[in-house]
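Down below is the structure, laid out as structure tokens.
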Amino acid sequence: MAGTARPAHRVLWGVQRHGYGGTPALRHRYRLVGRVLLAAHLVVAGWLAVRPLTAPWVSAAHLEPFATLRADLALSPWEAARTIGSAVLPFAPLGVLLPWAGGRIVASPLGSLARTVFTSAMIALVLQVVRGGVVGQVLDLDALLLNVVGVVLAHVAVVPAVRARLRRRAPAAPPSSAATASTPSHGLAPSPARARVGVTP
């Protein structure tokens, strides 16, 4: 039984080394749920961004940075919070759903944030370009910036803490080969090294 348990433990450790936790089936379900939620969110966010609106008149595209934001801040506090929140919140879930869809629990925090922000910014940019050709909608550079701000806030607030918790729940790494070799064998000849099948060195 001990000989069977040790290779299984090593395989789990090898899985953890490459950034994923749990059994292959569990990892697959984990990523599948994340990708389904990500696809559903993109459908809803895309529909909200490019749906036609009825308006008596439509202003020109807002391409000056922070011009729309300054106009929003000049409103009452409630109106400013509502207007800015309507640009921050729709894309904020991408800060969590994109890493979830990847299924990785061991990753560089800065690298993960950079990948998530870049992907979200490209999605927001495409929607803003499409939005400029929809009736009643206007391309707004400040809305794009606020979309990215929402992604950053959600990612920083949720993803590192969740990954740290999952890593604490993961099985510990097995002792190194050097530590195993230094263990006394009680007069027995050391056993030959076994090939670790399925684990990348």
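No lab work stands behind these numbers, since they all come straight from the coordinates. Here the structure is a predicted model, which is why all the values come from computation and not from measurement. Cβ atoms come from the backbone with ideal geometry, glycine included; neighbour counts cover every protein chain shown.
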Could you run the Karplus curve 6.51 cos²θ - 1.76 cosθ + 1.60 with θ = phi - 60° over the stretch 80-94 and give me ³J(HN,Hα) per residue in whole Hz, x for Gly and Pro? 5, 5, 5, 5, 5, x, 5, 9, 7, 6, x, 9, 4, x, 4
What does the extension gain come out to for R167 and V106, with contour length at 0.36 nm per residue minus their alpha carbon separation? 21.2 nm
Cut-off 12 Å between beta-carbons: net charge of the residues surrounding S108, Lys and Arg +1, Asp and Glu -1: +3
Using the Cβ atoms and a cut-off under 13 Å, what net charge is assigned to the surroundings of L37, where Lys and Arg are +1 and Asp and Glu are -1? +3
Enclosed volume per residue, in Å³, of the convex hull spanned by Cα atoms of the stretch 22-176: 127
Around A124: net Lys/Arg minus Asp/Glu count, Cβ-Cβ under 13 Å: -1
Counting other Cβ atoms within 10 Å, keep those with at most 10, restrict to DSSP loop, and tell me which chymotrypsin sites (Phe, Trp or Tyr not before Pro) in the stretch 42-133 are left. W57
Express in nm, to one decimal, how much length is gained between S76 and V33 on full extension, taking 0.36 nm for each residue of separation and deducting their alpha carbon distance. 11.4 nm
